[in-house]
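K.L.:
Here it is: the structure, laid out below.
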Amino acid sequence: MATKAEPVGSDQAGKPGVQEVITNIPGVGEVKAYFQVSTVDDVDGKTTEDVQTLRLTVPQEDTREVVATDDEGNALKNEDGSDRLTTETYWRYPTLEIDLGKANRDKLLKALEPFVSKAREAKTQPVATQPTTKAKSGHDLVAIREWAKNAGHEVADKGRIAAKVIEAYYKSTGKPNPEA
């Protein structure tokens, strides 16, 4: 929750939202200070009692550089022998939080209404976990991930690794593919 603390005099002690802070300052001793603590709307900065934290998953278009590959997953090379890079566009879905009072919550819901009214509830798929060292197939996933990141491939720290990335790893390192 977004909060704001403003210093107030000791005459405000005991009032709603006022907190006492005691600290020891060397050479001075114990010192008391009082602060009016209130919740604040992130959009307009106004202090209000009805502020609530909303969590939003918001699609954001982004770009990243990746190593260009041929149809077989081999890295394409520049004239100097370095990997050829290309830019790809993708969607990412960060989860964000915002603290809003009623007026700004109402504005947000009104703005989203045409889209929410046409949306459907997402069906979640069960996520299979994968070991981070050796998979049942015998792949060294830690080594493949490390190589892929250094080679400019986009790979997650956990989960499935694309078959073309695994193939490219074995072709690049010369190690035998246990599935071949």
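Only the coordinates and a few stated rules stand behind these numbers; no lab work does. Source: prediction; values computed, not measured. FYI the Cβ positions are ideal-geometry reconstructions off the backbone, even for glycines, and counts take in every protein chain you see.
K.L.:
Looking at segment 47-104, which GluC sites (Glu not before Pro) are in a loop (DSSP not H, G, I, E or B) and have at most 12 other Cβ atoms within 10 Å?
P.N.:
On the way: sites: E49, E61, E65, E72, E79, E88, E97; in loops: E49, E72, E79.
Of the GluC sites (Glu not before Pro), the ones in loops of segment 47-104 whose Cβ has at most 12 other Cβ atoms within 10 Å are E49, E72, E79.
K.L.:
Search the structure for amide H atoms under 5 Å from the amide H of K175, placed 1.01 Å from N in the peptide plane, and list their residues when 5 or more places away or on another chain.
P.N.:
none
K.L.:
Also, quick follow-up: Given (1) 1.11; (2) 0.95; (3) 1.72, which label gives Cα Rg over 2.2 N^0.38 Å as computed from the coordinates?
P.N.:
The listed entry that was calculated here is (3).
K.L.:
Using modelled backbone amide H atoms (1.01 Å from N, in-plane), which distant-in-sequence or interchain residues come within less than 5 Å of V18's amide H?
P.N.:
The answer is V37.
K.L.:
About the Cα centre of the chain, how large is the charge dipole given +1 on each Lys and Arg Cβ and -1 on each Asp and Glu Cβ? Please answer in debye to the nearest 20.
P.N.:
600 debye
K.L.:
Using a 10 angstrom cutoff on alpha carbons, build the Gaussian network for the chain and name the most mobile of N104, N150, N24.
P.N.:
Residue with maximal mean-square fluctuation among N104, N150, N24: N24.
K.L.:
Which Cα, out of A68, G29, A119, lies furthest along the positive dipole direction of the chain (beta carbon charges, K/R +1, D/E -1)?
P.N.:
Positive-end residue among those listed: A119.
K.L.:
Moving to a separate point now. Can you flag which of K123/K164; K46/K107; K149/K171; K77/K158 are past 18 Å Cα-Cα? Write down the numbers at each step before the final one.
P.N.:
Details: K123/K164 28 Å; K46/K107 15 Å; K149/K171 16 Å; K77/K158 28 Å.
Beyond 18 Å: K123/K164; K77/K158.
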